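Okay, so here's the structure we're looking at.
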Amino acid sequence: MTNSDSFGTAKLPSNDLEANVKYLCNIFKDDDTLIKRFFSSAHEPSAKFCILFSDGMINNKLINEDIIRPVLEYSFQKDDPNLIQTVSESITLSNSVERTDQVEELVQGIVYGDTILLARGCQDALVLNTKGWAVRSIAEPESERVLRGPREGFNESLLMNLSMLRRKLRTPDLKMKYRAFGTRSKTKACLCYLDSLVNKSVLEELEKRLDRIKIDGTLDTNYIAELIKDSPFSAIKTVGNTERPDVVAGRLLEGRIALFLDGTPSVLTVPHLFIEHFQSDEDYYVHFVFSSIGRFLRIFAFVISLTFPAVYVALVTFHQEMIPTQLLLSISAARQGVPFPTALETVFMLVVFEMLRESGARMPGIMGQTLSIVGALVIGQAAVDAKLVSAPIIIVVGLAGITGLMVPRLKGYILIHRFCLLFCACILGLYGLLLGIVALLVGIFGMHSFGVPIVPDIHLKNPQEYKDIYFRFPWSLMKTRPGYLSENEVRQANGGKK
Amino acid sequence: MKRMLALAAALLMMLTFTGCWNYHEIETLQIVSGVAVDVGRNGYKYHVTFECIKLGQGSQQPGSPQPVILETDGNTIFDAVRSALNESDKKLYFSHCEIVILSKQLARGGIKSILDWFMRDAEPRDTLEFLVSKEDTAGIILQQKPKTGQVMSYQISNALHESANAAGKNLHVQLYQINNTLNTPGSDLSLPAIELKPEAGGGTVQVEGDAVFQEDKMVGWITADQAKALNFVLNKISGGLLLTGKQPGEQDLSLEIISSSTKVTPVVTGTVPTMNINIHTMAAYAEQNSTEDVLTKEGTETVAGYAERTLKADVENTIKLVQEQYGTDIFDFGSDINQSMPGEWDKLKNNWPDTFKKLKYHVNAEVEIKNAATVVDKGGK
């Protein structure tokens with residue numbers, strides 16, 4: 001094996017207890033968290049055992065009560081030839097006991113909170129489930145808050161996350177397939193989907209791409225997302241992510257596939273359409289009129305945030321005839337005495353805004369007040385008073401920034417392409433802006449997510465499929481699932497196609 | 001590689017075949033709000049007065065726009081525009097210019113050559129409003145201090161729109177319309193006129209009547225009331241008042257025009273055409289400036305009849321006056337004939353100015369009173 005931490009098919013060296021323990025301890029050389037404890041039955045001193053576990057990963061009570069105590073109290077036969085089997089079958093209270101002599105499995109057990117039990121005269125060992133470590137309690141995810149709807153969010157424990165999903169979809173149709181990522185981190189992951197709804201070609205493609213991953217460690221699902229996504233260099237997400245079980249359940253019900261990873265609350269879902277950037281789970285929990293308005297506002301905010309600085313620069317420096325006279329006069333008045341060209345001014349203020357946003361996201365909470373004072377007063381008010389920038393620029397950049405925050409999932413895309421459009425507008429005015437927008441649209445419309453176009457609108461023929469795109473129709477009218485996502489379209493009995 | 005080449009070619013074409021573009025900062029523009037053109041001095045052909053807008057500095061004193069007058073001479077309009085650079089630190093910018101005032105002297109000599117630059121240049125809009133000054137020069141109008149507005153040109157432009165829409169006593173004619181009229185056979189031009197109005201404590205300007213043109217040369221004036229009759233014939237009335245009374249000539253009843261439409265149907269028999277002018281006006285009974293309750297006593301039908309009589313007389317008198325005094329077809333009768341019976345027009349067009357002076361007309365005014373704003377006393381007795 002090329003990797004030093006993989007043992008292939010190596011077996012425990014002998015049936016001598018001391019030698020086996022020494023062998024395992026040698027593997028974990030210089031690892032002081034490995035605890036070993038020898039003990040033997042009170043009634044039969046020849047029944048000698050040793051347990052090995054990694055401190056902090058285990059539940060002490062389980063080891064004490066369910067492994068050591070029953071063994072100490074059991075009356076062994078004299079010179080029992082197969083102590084391991086006796087322990088496994090008649091003594092230990094553990095719910096998951098595995099007998100093996102593979103070193104790889106024993107090592108994996110130790111590092112994942114299991115306890116290894118070795119016995120005198122046996123080459124096999126038992127892997128007993130004693131996992132127990134502190135996990136964060138279930139809380140509402142900071143980034144996906146809702147006013148109405150379920151408030152639980154995933155935490156860092158894979159099993160707990162899967163249980164949250166299972167509780168929402170209680171059907172054997174829900175498939176959960178384990179896999180592991182990372183040649184060193186050996187992170188557990190789980191692929192979940194509803195077997196009768198999933199688009200098989202998407203599933204096949206996803207598994208193919210997952211099989212190709214050869215990375216040493218995966219600390220968050222974004223490692224995987226970047227490795228499997230279509231258009232890997234685009235800032236548009238073609239793999240979705242969420243921290244909410246209800247969102248995952250909702251997406252599975254539309255025929256999507258979810259990928260859970262141990263150690264992160266963020267769960268991937270594929271395929272991911274462009275419109276999902278604008279959808280929120282709360283859309284489905286409040287009245288459809290409000291959610292449609294909200295969704296429409298988010299799309300509008302995206303457009304404003306992307307184009308507003310560019311439109312301003314194009315109008316003010318190329319197309320003054322398009323500005324109403326009164327506005328032209330006030331912009332012109334504000335620009336009097338400002339030393340920098342409008343284009344430079346806009347770029348400068350946009351960068352300042354991004355710096356403020358970034359520092360707001362990174363710094364400790366108690367410093368917030370300082371930031372808002374410096375941001376609002378010094379950079380906003382004082383810069384205008386000192387005639388470093390003109391007042392309309394503050395409004396333009398402020399509006400572009402605020403509307404950008406309405407669509408946080410696209411913030412990277414907006415940030416980059418806002419500057420691209422601004423550049424187009426600076427050299428060619430509205431004409432250049434239009435060229436830039438055409439280029440962006442061509443890019444977005446050409447993208448796919450696991451074989452599904454991320455803007456499927458132009459392919460759709462069935463009006464049913466428009467009912468959850470730009471507007472959220474009432475549930476009574478959404479009879480089918482989007483056909484491009486799922487193989488089984490009937491969502492409500494007696495509704496839609498039979 | 002081929003795709004990249006195609007993309008590069010497409011980009012190159014898109015970027016180069018785009019016409020004019022120019023990056024210029026907004027504060028480097030001298031915004032012109034109005035232009036007045038006079039006969040030139042010192043051997044120049046034109047003397048042009050520009051009203052520009054000067055802005056206060058920065059945002060702390062959001063300086064209200066101050067008008068600044070620039071005066072230049074030139075042999076062409078463009079020459080005069082460029083001469084302004086001798087005294088202004090910024091290039092004149094015409095896209096927000098709203099009015100052009102012509103002196104009567106220039107107007108009498110023909111306006112086509114003046115219009116050309118405004119039509120041809122990229123900056124001035126095709127919707128520029130043109131006026132003729134009744135004073136000795138056109139420049140003097142712009143040099144007045146604005147009274148109700150901040151900038152003289154915008155004050156005139158707004159007054160022009162308001163009075164055309166709500167009083168109907170003048171035309172407002174835009175550059176492209178002038179161009180259309182000058183190039184349409186069988187219609188002549190009329191432009192709104194502007195004059196000084198002396199008042200105690202500094203005068204102001206007012207829009208008053210129209211200037212009447214033959215071809216592109218001004219031949220005379222008509223009054224505001226005649227301009228209103230002209231608007232009725234041209235179907236350009238969108239509001240205004242009809243003053244009428246029981247006796248012809250009396251003006252103690254006001255009707256407010258809600259809507260009005262006019263249909264002109266030419267009938268050609270022999271060499272003298274007859275124009276049937278059908279005016280249909282909806283009005284509201286707006287004011288009775290007398291102690292007598294005319295409406296209650298005589299009924300809406302009768303009052304409408306008074307208005308019809310007045311309107312018919314006004315229109316007939318105006319047509320008669322223009323026929324006799326100026327002989328220029330500002331009512332577009334010729335183009336009406338051309339449109340409805342082109343065959344007849346072909347015979348008439350060569351001798352149109354003479355034919356116009358002789359043509360007969362038949363005015364049929366129909367006024368409908370829609371409401372009377374009557375206060376009804378309900379009970380309380």
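Can you tell me the FRET efficiency between residue A:363 and residue A:39 if r is taken as the Cβ-Cβ distance and R0 is 56 Å, rounded to the nearest 0.05? Could you put the intermediate results ahead of the total?
On the way: r = 53 Å, r/R0 = 0.94.
For residue A:363 and residue A:39, the calculated efficiency is 0.60.
May I ask for the accessible area buried between chains A and B, both sides summed, probe 1.4 Å, to the nearest 100 Å²?
Working: alone 24840 and 20130 Å², together 42500 Å².
Chains A and B together bury roughly 2500 Å² of accessible area.
Can you tell me the length gained on complete extension of the stretch residue B:166 to residue B:4, counting 0.36 nm per residue apart and subtracting the Cα distance? Provide the component values of the computation, followed by the final result.
Values: separation 162, 0.36 × 162 = 58.32 nm, distance 6.11 nm.
Between residue B:166 and residue B:4, full extension yields an extra 52.2 nm.
Only protein chains counted, 1.4 angstrom probe. Which residues of the stretch B:28-57 are at least 10 Å² less accessible in the assembly than when their chain is isolated?
Buried on complex formation: B:29, B:31, B:53, B:55, B:56, B:57.
Please list, by residue number, every one of the trypsin sites (Lys or Arg not before Pro) in the stretch A:1-100 that is coil in DSSP and has at most 14 other beta-carbon atoms within 10 Å. Intermediate values should be presented prior to the final figure.
Values: sites: A:11, A:22, A:29, A:36, A:37, A:48, A:61, A:78, A:99; in loops: A:29, A:78.
The qualifying sites are A:29, A:78.
Just to be sure I understand the model, the point goes 7 Å from the Cα along the line to the Cβ. What's the resulting residue A:111 to residue A:340 distance in nm?
5.1 nm
Please state the relative contact order of chain B as a whole percent: Cα pairs under 8 Å, 6+ residues apart?
Values: 762 pairs, mean separation 46.4, N = 381.
That works out to 12 percent.
Please give the contour-minus-distance gain from residue A:134 to residue A:287: 0.36 nm per residue of separation, less the Cα-Cα distance, rounded to one decimal in nm.
Working: separation 153, 0.36 × 153 = 55.08 nm, distance 3.96 nm.
Extending this stretch completely gives an extra 51.1 nm.
Between B:319, B:75, B:248, whose Cα lies farthest towards the positive end of the dipole of chain B when Lys and Arg beta carbons carry +1 and Asp and Glu beta carbons carry -1, centred on the Cα centre?
B:75
When the convex hull of the Cα atoms of the stretch B:69-188 is projected onto a plane and the area is averaged over all directions, what value comes out in nm²?
Values: hull surface 33.8 nm².
Computing the convex hull of the Cα atoms and averaging its projections yields 8.4 nm².
Suppose every Lys and Arg Cβ carries +1 and every Asp and Glu Cβ carries -1, with no other charges. What dipole size does the stretch B:216-343 come out with about its Cα centre, to the nearest 20 debye? Show your work: numbers first, answer last.
Numbers: 9 positive and 17 negative charges, 71 e Å.
My answer is approximately 340 debye.
Putting +1 on Lys and Arg Cβ atoms and -1 on Asp and Glu Cβ atoms, find which of B:122, A:219, B:132 reaches farthest to the positive end of the dipole of the protein assembly as shown.
Highest projection toward the positive end goes to A:219.
Threshold 40 Å², probe 1.4 Å: give the residues of the stretch A:413-446, in number order, that are less accessible with all protein chains present than with their chain alone.
A:428, A:431, A:435
Under 5 Å between amide hydrogens, which residues at least 5 positions from residue B:287 or on another chain qualify, with H placed 1.01 Å from N in the peptide plane?
Under 5 Å from the amide H of residue B:287 lie the amide H atoms of B:254, each far enough along the sequence or on another chain.
Rounding to the nearest 10 and keeping the result within 0 to 90°, find how far the Cα-based axis of helix A:391-405 lies from the longest principal axis of chain A.
In chain A, helix A:391-405 runs at an angle near 30 degrees to the longest axis.
Angle between the Cα long axis of helix A:411-445 and the longest principal axis of chain A, 0 to 90 degrees, nearest 10?
Around 20 degrees separate the two axes.
Rounded to two decimals, what is the ratio between the C-alpha radius of gyration of the stretch A:233-355 and 2.2 N^0.38 Å?
Numbers: Rg = 21.2 Å, N = 123, 2.2 N^0.38 = 13.7 Å.
This ratio for the stretch A:233-355 stands at 1.55.
When only alpha-carbon atoms are used, what values of Rg and Dmax, in angstrom, describe the protein assembly as shown?
Computed over the Cα atoms of the protein assembly as shown, radius of gyration and Dmax are 43.6, 144 Å.
With each label point set 7 Å from Cα along the Cα-Cβ vector, what nm distance links residue B:125 and residue A:455?
3.3 nm
Between residue B:364 and residue B:291, take the C-beta separation as r, use R0 = 41 Å, and let me know the FRET efficiency to the nearest 0.05. Mind dumping the intermediate values first?
Details: r = 33 Å, r/R0 = 0.81.
Here the calculated transfer efficiency is 0.80.
From largest to smallest, what semi-axes in whole angstrom does the stretch B:278-381 give when each is the square root of 5 times an eigenvalue of its alpha carbon gyration tensor? Mind dumping the intermediate values first?
Details: eigenvalues 361, 42, 16 Å².
Semi-axis lengths for the stretch B:278-381 are 42, 14, 9 Å.
Identify the GluC sites (Glu not before Pro) of the stretch B:275-347 meeting these criteria: DSSP loop state and at most 13 other C-beta atoms within 10 Å of the C-beta. Intermediate results must be reported in sequence, preceding the final value.
On the way: sites: B:287, B:292, B:298, B:301, B:308, B:316, B:324, B:344; in loops: B:292.
Hits after loop and neighbour filter: B:292.
With a ≥ b ≥ c taken as the square roots of the eigenvalues of the C-alpha gyration tensor of the stretch A:395-496, please select rounded if a/c is under 1.5 and otherwise prolate if a/b is larger than b/c or oblate if it is not? Numbers along the way, then the final one.
Values: a/c = 3.03, a/b = 2.12, b/c = 1.43.
Because a/c hits 1.5 or more and a/b exceeds b/c, the stretch A:395-496 counts as prolate.
Distances longer than 27 Å among the Cα atoms of the stretch B:198-338: what percent of all pairs is that? List each step's numbers first, then the result.
Values: 3212 of 9870 pairs.
Here the long-distance tail beyond 27 Å is 33 percent of all Cα pairs in the stretch B:198-338.
According to the square roots a ≥ b ≥ c of the eigenvalues of the Cα gyration tensor, what is the shape class of the stretch B:140-279, taking rounded for a/c under 1.5, prolate for a/b larger than b/c otherwise, and oblate for the remainder?
Values: a/c = 2.19, a/b = 1.36, b/c = 1.61.
Oblate.
On a 0 to 90 degree scale, rounded to 10, what angle separates helix A:325-335 from the longest Cα axis of chain A?
Orientation of helix A:325-335: about 70 degrees from the principal axis.
Using just the Cα positions, wrap the stretch A:41-142 in a convex hull and report its mean projected area in square nanometres, one decimal place.
Working: hull surface 29.4 nm².
Answer in nm², one decimal: 7.4.
Between residue B:247 and residue A:233, what is the label-to-label distance in nm when each label sits 7 Å out along the Cα-to-Cβ direction?
So the label points at residue B:247 and residue A:233 sit 9.4 nm apart.
In terms of the Cα gyration tensor, with a ≥ b ≥ c the square roots of its eigenvalues, is chain B rounded because a/c is under 1.5, prolate because a/b exceeds b/c, or oblate? Don't skip to the end; give the middle numbers.
Values: a/c = 1.82, a/b = 1.49, b/c = 1.22.
It comes out prolate by the Cα gyration axes.
What is the log10 of I(q)/I(0) for chain A, computed with the Debye formula using one identical point scatterer on each Cα and no solvent, at q = 0.06, 0.08, 0.11 Å⁻¹?
-0.43, -0.69, -1.02
Tally up the carbon and sulfur contribution to the accessible surface of chain A as a whole percent, 1.4 Å probe, everything protein left in place.
On the way: 14340 of 23650 Å².
With neighbouring chains kept in place, the figure for chain A is 61 percent.
With every protein chain left in place, what is the accessible area per residue of the stretch A:80-161 in square angstrom, probe 1.4 Å?
Numbers: 3770 Å² over 82 residues.
I get 46 Å² per residue for the stretch A:80-161.
The values are calculated or read from the model by the stated rules, or taken from the named source; none is laboratory data. These numbers come from a predicted model, not from an experiment. Glycine also receives a Cβ, built like all others from the backbone with ideal geometry; neighbour counts cover every protein chain displayed. Side chains are part of the model used for accessible areas, which takes the heavy atoms of the whole protein and leaves out ligands, DNA and RNA. Shrake-Rupley method; radii C 1.70, N 1.55, O 1.52, S 1.80 Å.
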